[in-house]
Amino acid sequence: MTQDCFSTAYVAALEIHETGDSRVNAIGAWHPGTEAPHYSQRGLLGATQRIRETAFIVRDPGHHRVGVAFGGALRQSGVPLLASLPPLYPEWLGDRSFTEVHNVRFPYASGAMANGIATTRIVIAMAEAGFLGFFGAAGLDPARVEAALDELSTRLDPQGLSWGSNLIHSPNEPELEAAVADLYIRRGVRRVSAAAYMGLTLPIVRYAYTGLRADAQGRIHRDNYVFAKISRPEVARRFMMPAPAEMLKALVAKGQLTAEEARLAANLPVAEDYTVESDSGGHTDNQALTALFPTILSLRDEIAAARGYRRPIRIGAAGGLGTPTAVAAAFSLGAAFALTGSVNQGCVESGLHDSGRKMLAQADLADVIMAPAADMFELGVEVQVLQRGTMFAARARKLYELYRRYDSLHAIPAAERARIEKGVLQATVDEAWAATASYWRRRDPREVARAEQDPKHQMALVFRAYLGQSSKWAIAGDPSRRVDYQIWCGPAMGAFNQWAKGSFLEAPDNRTVVQVARNLLEGAAVVTRAQQLRSYGVAVPAAAFDFRPRPLG
């Protein structure tokens, strides 16, 4: 149907080219039924909303205006017909293989916001409405993750609905990453959002290739799908290539892959689904989607051609997708699916406390800032967070500055140390270390032993404790720590708030992940239709590109 929609316009253009006469551009005639063609701005605005009907592009013979008609019939005589556009459904905006392979209705996913902010409630709501949702497992211990898997599999698997969970690269805790990957394999979790990876690790490779098999025709089937979150071509390349032979051999030697799985893996990329992450909340390189996405598409095409891949590699888009126009732009770039994060965090199903959701609802475009990341503090990696209403970013940056400048907690000048004890740690550095050491003795005693030998590592653990707890204070809604809330947020949140202003989605308590998703996708389809009509010569009013939120069933 997509080909048909463009073929009519192509025939008209071909006639113009061959004759050199711009007046010879009708491909037929349209005869009205009960509804006359629309030429006025008001009529054309309404026409852009009617995406589920065939639209006929017609020319007013008397005034040479281009308009839009519905219904009627094609006849030998009548109003000159320039083109026809078949119905456009939100379900069709992305790559059809995404919805088919992952058994969902819509090419749209909700991201795996860490520490359980992407709750099981979000994943269940999304799945039951035909979307794909990822549980935010990063930062949670395996027991908590397994409890979430119990709930999701019990609720969704009997309905045959698809869902996923997060696997985050944990350079400081490789055993934790391995344990979570093992849990996913044992529990049959079929989709994993792989986040914060700068390269491949044995756990992600093991997960990706477990269950590979070939049928009688030699076609390879895979059970597990990795959604690789990437913002750099060099990282994307590693996931688009088969895993290195030495990694496969190591997994076979450990009994974590069979020899047959390793053999088949040599012909498959690690991941067949990618989330190209532009300027987003949390871990981000602040890339512009319009620059990054085409680069990754070209890389995909280059590698697929060189490797002779027969299975499709799907490239989705994330970051900055807070309005229908932004989502439509992502699909126009060629996105197989759209993934949202910040806007879901502000929804009622989010794990963020009501006080934090209200703070997000007040955010504007510029109310975000980069701050040191808890999980990669020593490496200087940063995350994008909400700035308005919180002092977290300023305080976290100060701690990183002190970490870079001094070799131990007690090397920090007394006056400076007193300020962070009172304003940030709310404890003496010795008390803060005692609490931190107690935590690590339960989680990984080796960290305590290392800190006792390395004062700088001790300082890193204490400062990381503040960074790590700050997101938990926002989840719990601790009023005594409100100014220390770490709320991951990108500029999409501000754009969403401006778009939602004056609509039913303006109130935080009306924001549900499904209503947000439906409005963004429906609006993207309307904006796409408006652009189609404009490209065929229709004088589409500017208001057609401003789809307003409305309750959608």
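We did not get these values from a lab; they are worked out from the coordinates using the rules stated. Given the structure is predicted, the values throughout are model-derived calculations rather than measurements. Cβ: placed from backbone, ideal geometry, glycine included. Neighbour counts: every protein chain shown.
Just the number, please: percent antiparallel of the DSSP beta bridges in the stretch 120-268, rounded to the nearest 5.
15
If you take every residue apart from Ala465 with its C-beta less than 14 Å away from the C-beta of Ala465, what net charge results, scoring Lys and Arg +1 and Asp and Glu -1?
Its environment carries a net charge of -1.
Which of the lysines could a cross-linker bridge to Lys398, judged by Cα under 27 Å and excluding same-chain residues fewer than eight apart?
Lys358, Lys422, Lys456, Lys472
Just want to confirm a number: the relative contact order over the chain, from Cα pairs under 8 angstrom separated by 6+ residues, in percent.
14
Which whole-Hz couplings ³J(HN,Hα) result when phi for each residue of the stretch 456-468 is put into the Karplus expression 6.51 cos²θ - 1.76 cosθ + 1.60, θ = phi - 60°, listed in order with x for Gly and Pro?
Rounded to whole hertz, the list is 5, 5, 4, 4, 4, 5, 5, 5, 5, 4, 5, 4, x.
What order do you get for 490-503, 147-160 when each peptide is scored by the mean count of other beta carbon atoms within 10 Å, highest first?
The most tightly packed comes first, giving 490-503, 147-160.
Using alpha carbon coordinates only, what is the Rg to Rh ratio of the stretch 108-219, with Rh defined as the Kirkwood radius?
On the Cα set of the stretch 108-219, Rg over Rh gives 0.98.
Can you give me the long-range amide H partners of Leu167? Hydrogens built in the peptide plane at 1.01 Å from N, cutoff under 5 Å, separation of 5 or more residues or another chain.
Sorted by chain and number, the residues that satisfy this are Ser193, Ala194, Ala195.
Excluding residues on the same chain fewer than 8 positions from Lys501, give the aspartates and glutamates whose Cα lies under 12 Å from its Cα.
Cross-link targets: Asp364.
For helix 429-443, what angle does its Cα long axis make with the longest principal axis of the chain, in degrees from 0 to 90 and rounded to 10?
70
For the stretch 357-426 and the stretch 60-113, write down the distance between their C-alpha centroids in whole Å.
A separation of 49 Å, based on Cα centres.
Would you mind telling me the antiparallel percentage of the DSSP bridges in the chain, rounded to 5?
Percentage antiparallel, nearest 5: 50.
If amide hydrogens are placed 1.01 Å from N in the peptide plane, which non-local residues have theirs closer than 5 Å to the one on Met241?
Sorted by chain and number, the residues that satisfy this are Val270.
Quick one: 3J(HN,Hα) in Hz for the stretch 142-152, Karplus 6.51/-1.76/1.60 with θ = phi - 60°, rounded, Gly and Pro as x.
x, 5, 5, 5, 5, 4, 5, 4, 4, 5, 5
Using only the Cα atoms, work out Rg/Rh for the chain, with Rh taken as the Kirkwood radius, to two decimals.
Here the Rg-to-Rh quotient is 1.04.
To the nearest Å, what is the center-to-center distance of the stretch 311-332 and the stretch 432-482, using C-alpha atoms only?
37
Of the options Gly308, Asn344, Ser278, report the single residue whose Cα projects farthest towards the positive end of the charge dipole of the chain (beta-carbon charges: Lys, Arg +1; Asp, Glu -1).
Checking the options against the dipole of the chain, the answer is Asn344.
What does the convex hull of the Cα atoms of the stretch 68-156 come to per residue, in Å³, rounded to a whole number?
Here the figure is 139 Å³ per residue.
Apply the Karplus curve 6.51 cos²θ - 1.76 cosθ + 1.60, θ = phi - 60°, to the phi angles in the stretch 183-195 and return the couplings in whole Hz, x for Gly and Pro.
Karplus values, whole Hz, x for Gly and Pro: 4, 4, 5, 5, 8, x, 6, 8, 9, 10, 8, 8, 10.
Amide H of Tyr108 versus every other amide H placed in the peptide plane: which residues, excluding those fewer than 5 positions away on the same chain, fall under 5 Å?
Leu132, Ala338
Dipole of the chain, Cα-centred, from +1 at each Lys and Arg C-beta and -1 at each Asp and Glu C-beta, to the nearest 20 debye?
Around 300 debye, computed over the chain.
Of the listed peptides 252-263, 104-115, what is their order by residue-averaged count of other C-beta atoms within 10 Å, with the highest listed first?
104-115, 252-263
Could you work out the helix-only [θ] at 222 nm for the chain, with each DSSP H run of four or more residues adding -39,500 (n - 2.57) and the total divided by the number of residues, to the nearest 500 deg cm²/dmol?
Roughly -13500 deg cm²/dmol at 222 nm, from the helical runs in the chain.
Given contacts defined as C-alpha pairs under 8 Å and at least six residues apart, what's the relative contact order of the stretch 417-485, whole-number percent?
The value is 20 percent.
Quick check: net charge around Asp285, other residues with Cβ under 14 Å of its Cβ, Lys/Arg +1 and Asp/Glu -1?
Result for the local shell: -2.
Treat the count of other C-beta atoms within 10 Å as a stand-in for reagent exposure and order Glu100, Glu128 from fewest to most.
Starting with the residue having the fewest Cβ neighbours, the order is Glu100, Glu128.
Would you list, by chain and number, the aspartates and glutamates whose Cα falls below 14 Å from the Cα of Lys254, excluding same-chain residues fewer than 8 positions away?
Output for Lys254: Asp182, Glu246.
Mean projection of the alpha-carbon convex hull of the stretch 420-474 over all orientations, in nm²?
With every direction weighted equally, the projected area is 3.7 nm².
Can you tell me the relative contact order of the stretch 303-380? Whole percent, Cα pairs under 8 Å, sequence separation 6 or more.
Contact order relative to length: 20 percent.
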